[in-house]
Each structure stands twice: as structure tokens, then as C-alpha cells.
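Participant: Provided herewith is a single structure, encoded as C-alpha cells, for subsequent inquiry.
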Amino acid sequence: MTFQDLNLSTPLYNALEDLGFKQPTPIQEKAFPVVMSGSDIVGIAQTGTGKTYAYMLPILRSLKFSTQLNPRVLILVPTRELVVQVVDEIEKLATYINVRVTGVYGGTNINTQKKAVAQGLDIIVATPGRLYDLAVSRALQLKSIQKLVIDEVDVMLDLGFRHQLINIFDILPQQRQNIMFSATMTADVEAMITDTFKNPKRISVAASGTPLDNIKQAGYKVPNFYTKVNLLIHLLQDAEVYHKTLIFVSNKRMADRLFEALEQQFPDECCVIHSNKTQNYRLRSIRQFEEGDNRILIATDVMARGLDIDSVSQVINMDTPAYPENYMHRIGRTGRAEKEGSTLVFTTTKEEAFLENIEQLMDMSIPQIAFPEEVEVSQELTPEERPKIKEINNPLKRNKNDEDAPGAAFHEKSKKNQKTNQGGSYRRKIEQKYKKPKTRGDKHQNNKKKRR
Ligand code: AMP
């Protein structure tokens with residue numbers, strides 16, 4: 001496919017030619033018709049796949065010239081660096097288009113940004129906090145926003161921007177197109193999609209250039225987390241093979257739990273990164289791993305994203321990712337730059353369906369290694385693994401209908417609360433007084449009788 005097939009405008013073709021881009025990347029090809037159609041869209045794509053232009057090409061294609069002051073497109077990104085980068089990319093693409101783009105982010109003078117916004121603009125690129133401040137102070141009107149782009153939503157949620165995003169959604173027009181991009185799928189991202197989107201179209205591409213041929217893949221079937229830990233400890237004894245091992249876990253809790261267990265076995269050989277660790281701690285961990293001071297690094301999907309660490313010898317998946325794209329991103333951390341890499345994935349019975357999805361995406365099956373006999377199978381379960389207690393047919397359990405079943409506490413209602421509303425209080429008073437129903441008709445009747 002070429003850019004000609006996308007039916008772009010001449011100014012866009014010219015800008016692309018200046019940039020030297022010959023053909024759309026897979027994510028651009030997939031996203032273009034969906035964004036043009038106006039429906040909500042969720043794109044799963046890593047940085048480097050051309051995702052910025054995947055949403056910018058169709059947005060610029062459909063944006064009409066306007067002199068109105070309020071922006072019509074809002075692009076939210078997690079960091080100020082990304083604001084600068086996205087603004088820069090848009091400006092390159094819009095070289096021959098009359099479009100006003102402004103970037104705003106926290107940590108700098110808000111008054112300068114208020115002035116910039118007051119000049120009028122079409123597209124605003126922002127970090128959530130600063131955008132909200134500008135909107136609340138009324139320096140920025142969001143009532144004309146037609147398209148909302150949330151880029152790197154997994155990082156945003158991991159950094160704790162969820163509430164800020166919700167606050168922003170509340171002040172945006174209901175009628176708008178939502179466009180979301182994320183490199184990884186997490187439970188938080190999935191929840192945000194269901195809460196915010198109207199039947200979004202989903203598109204995804206595997207990490208570009210994941211050199212599957214360079215990476216030796218294998219798996220173990222393991223019953224539970226602590227058995228996975230035992231197996232991992234067993235494997236890591238071989239410091240030669242596992243001399244630079246990146247271990248992926250699905251969440252922070254798991255990362256801390258695993259770090260605790262490995263620290264005991266391999267003191268001063270492990271480090272961990274996840275978003276609850278300070279920036280300094282994370283940088284130090286990465287440096288120690290990179291320089292070979294620590295041979296084991298435990299990381300969550302989102303945190304490991306930006307890592308471009310040389311010659312990772314092994315990637316170990318402690319869990320089997322529910323989204324196959326995450327697996328592709330993880331294993332792409334090894335086998336880089338034509339080097340041989342190796343990866344293992346641990347799968348519980350519950351995770352077997354995920355493994356099938358991964359194999360389907362890669363169109364190959366992952367060879368399974370027999371569980372080593374010398375490794376102890378743990379009976380200990382994590383809180384998440386423990387079965388939810390459902391007591392069916394427990395003879396000691398009291399039935400709801402039992403006389404002595406605990407229910408709502410019972411006590412006599414006070415006199416006042418015992419009253420029920422019977423309506424027509426005047427009629428009832430008259431009834432009591434005359435001992436028989438009195439209606440208007442009756443009254444006349446009675447009067448007539450009196451007169452006679
Ligand atoms: P992104 O995934 O948006 O961070 O883009 C990664 C890099 O790819 C950026 O430097 C873009 O300028 C570049 N890029 C975007 N689209 C294309 C394309 N169609 N062909 C070649 N490079 C591209």
C-alpha cells in the first residue's frame with residue numbers, strides 16, 4: 001500500500017514527501033479508515049510503529065480551515081517531553097496546511113500558556129493536569145472539541161492520571177470521537193475503554209521488527225505462582241546462562257512479591273522497577289542491570305517499555321500475558337540488534353487460553369519443557385490464587401428463610417413511623433365527626449332535607 005491509496009490531500013502528500021516517507025506503516029494503514037469514519041478507536045501499538053501519524057494523518061485530512069478561537073482537537077499525552085515531540089511531529093506534517101497547534105504542560109509558567117491559548121488554536125497537545133487547570137480557570141474553552149486523542153494511555157494510568165482523565169471527560173462535549181493509543185493492554189486500560197468508549201473499533205500491530213527468528217522460545221506448565229518462583233530460582237542458579245535476565249510480571253504487587261523471594265536467594269543480584277518506585281530508584285536499577293552489577297531485573301510491562309538495554313540474554317515471562325501483543329513486546333527486549341535471544345514463558349492452567357492466543361498471533365507453537373522433578377511444587381497460594389469460598393450445601397449454614405436467620409435487625413417502629421399515608425385527611429376527619437361519608441352531593445342532599 002502507498003500513501004496514494006489513503007486518499008490524502010496534496011499538502012499532506014507534499015509534507016510526507018519532504019519527510020521521505022514512502023508508504024504508510026501497518027498501524028497507519030489500519031487506523032486511517034477507522035479514524036476517518038468518525039467511530040471510536042483503540043489502537044495497540046508501540047512507540048516506533050508510526051502511531052502518532054496513525055491518528056494525525058486522518059485528523060489533519062478531515063480538519064477544515066477555521067478562524068475560531070477554541071480548539072477542535074485535544075491530544076492528551078503523559079509527559080511534557082511527549083507534548084513537545086507530538087507538537088513537533090504535527091508541525092512537520094502540517095507544513096503546507098494552515099493549522100494552529102499549541103502544546104501545554106505543567107511545571108512551566110501558566111500565564112505564558114494562557115496567552116498562547118488566547119491567540120486561538122485548532123489542535124491542543126497537553127498533559128492532563130495542565131489542561132485541566134487551563135480549562136477550570138476558563139483560559140481555555142473545551143466546548144468545541146470534536147476529537148479526543150489519548151496517547152500512551154497505559155503510561156497515563158500507570159502514573160495515576162485516571163482521576164484527572166475522568167475530570168477532563170466530564171467537561172468535554174458528549175458528542176466527540178475518542179481515539180486511544182496504548183502500547184500494552186492492562187486491566188486498567190481495559191476498564192477505561194469500557195467506561196469511556198462507544199463500541200470502539202480495535203486495531204493492533206505486533207511490535208515492529210520483533211525478530212522472531214533470533215529468539216529461542218520455550219515454555220513450562222506450572223501450577224501456581226510460588227511454584228513458578230521455585231522453578232525460577234532453580235533456573236537462575238545457572239549464572240552463566242542467565243547472566244542478564246529480564247523478568248516480566250503483570251503488576252506491581254507481583255513485582256514486589258517476586259523481588260522479596262529472589263532477594264533472599266540471590267542477594268545483591270536483583271533489582272526491580274515499577275511505577276511505585278521513585279524515578280531515581282528506577283534509573284539506578286536500570287543502570288545496575290545495564291552495567292552488569294545486577295544480573296536480574298524484574299519489571300512490569302509498562303515500565304519496561306522504554307528500556308533499550310543491550311544484550312538481554314533471557315526474557316522470562318512469570319505470567320502468560322492475557323494480551324498477545326504484550327508477549328510480543330516483552331520478548332522483543334531480547335534478540336535485539338541481530339543478537340541471539342532466549343525467552344521462557346510460565347503458564348498455569350488458567351493461563352492456557354492466553355498461551356493459545358499468543359501462539360495464534362505468531363502462527364507458531366511454543367515448545368514446552370517438562371517440569372523438572374527436582375523443583376518443589378508449592379502448595380502455597382497467593383491471595384489472588386486462593387479460591388473464592390462458595391459454600392454450597394453447608395449443613396451448618398443458616399437459610400435466609402429460617403426463623404432465627406440473621407436478617408435486618410428487627411425492632412418496633414416508633415408511633416410516628418407506624419403511621420401510613422392514607423390520603424384525604426379532611427374527608428377522614430369529616431367521616432369521623434359525622435360517622436358517615438359526607439360528600440358535596442350529600443351536603444346538598446342534607447340541606448334539601450333540612451329545608452323541607
Ligand atoms: P511514533 O511511533 O509515532 O513514535 O513514530 C516513530 C518514528 O517513525 C517517527 O520518527 C516518525 O517520524 C516515523 N514515521 C512515522 N510514519 C512513518 C512512515 N510512514 N514511514 C517512515 N517513518 C515514519
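The values are calculated or read from the model by the stated rules, or taken from the named source; none is laboratory data. If you're wondering where the values come from, they're calculated on a predicted model, not measured in any experiment. Heads up, the Cβs are rebuilt from the backbone with ideal geometry, glycines too, and the neighbour counts pull from every protein chain shown.
Participant: Tell me the residue from I124, I59 that is among the hydrophobic types (A, V, I, L, M, F, W, C), closer than 30 Å to Q279 by Cβ and either in contact (Cβ under 8 Å) with a residue 60 or more places away in the chain or away from the ligand (no atom under 16 Å from the Cβ) (or both), please.
Facilitator: None of the other options fit; the residue is I124.
Participant: Moving on to the next point. Just need a number here: residues in segment 352-392 that are touching a Gly at 6+ places or on another chain (Cβ under 6 Å) and part of a loop (DSSP other than H, G, I, E, B).
Facilitator: Of the residues in segment 352-392, 1 are touching a Gly at 6+ places or on another chain (Cβ under 6 Å) and part of a loop (DSSP other than H, G, I, E, B).
Participant: For K350, state whether it is loosely packed, with under 10 Cβ neighbours inside 10 Å, modelled with pLDDT of 70 or more and among the basic types (K, R).
Facilitator: no
Participant: Moving to a separate point now. For the subset of segment 77-111 comprising residues that are surrounded by 20 or more Cβ atoms within 10 Å (Cβ to Cβ) and within 22 Å of the chain's Cα centre (by Cα), which member is farthest from the ligand (Cβ to nearest atom)?
Facilitator: Among residues in segment 77-111 that are surrounded by 20 or more Cβ atoms within 10 Å (Cβ to Cβ) and within 22 Å of the chain's Cα centre (by Cα), the one farthest from the ligand (Cβ to nearest atom) is Y105.
Participant: Also, quick follow-up: Out of all the residues in segment 1-37, which are out of contact with any strand residue (DSSP E or B) (no Cβ under 8 Å at 6 or more places or on another chain), away from the ligand (no atom under 11 Å from the Cβ) and of a type in the set (V, I, T)?
Facilitator: Correct list: T10 only.
Participant: In addition: Does F65 satisfy being touching a Pro at 6+ places or on another chain (Cβ under 8 Å) and either over 25 Å from A183 (Cβ atoms) or among the aromatic types (F, W, Y) (or both)? Step through it out loud before you land on a result.
Facilitator: On the way: touching a Pro at 6+ places or on another chain (Cβ under 8 Å): no; either over 25 Å from A183 (Cβ atoms) or among the aromatic types (F, W, Y) (or both): yes.
No, not satisfied.
Participant: State which residue is farthest from Y226 (Cα to Cα) when the search covers only segment 317-348 and only residues that are of a type in the set (A, V, I, L, M, F, W, C) and in a strand (DSSP E or B).
Facilitator: L344
Participant: Here are some conditions: (1) within 19 Å of the chain's Cα centre (by Cα); (2) within 13 Å of the ligand (Cβ to nearest atom). D40 meets all but one. Which one does it not meet?
Facilitator: Condition (2) is where D40 drops out.
Participant: Same structure, new question: Taking the options Q28, Q68, Q85, Q113, name whichever one is in a helix (DSSP H, G or I) and farther than 30 Å from R330 by Cβ.
Facilitator: The unique qualifying residue is Q113.
Participant: Continuing with this model, one more query. Within the group V375, V272, V302, which residue is within 23 Å of the chain's Cα centre (by Cα), of a type in the set (A, V, I, L, M, F, W, C), at pLDDT 90 or above and surrounded by 13 or more Cβ atoms within 10 Å (Cβ to Cβ)?
Facilitator: V272
Participant: Just checking, which of L131, L165, L142 is in a loop (DSSP other than H, G, I, E, B) and among the aliphatic types (A, V, I, L, M)?
Facilitator: Working: L131 fails: in a loop (DSSP other than H, G, I, E, B); L165 fails: in a loop (DSSP other than H, G, I, E, B).
After applying the criteria, what remains is L142.
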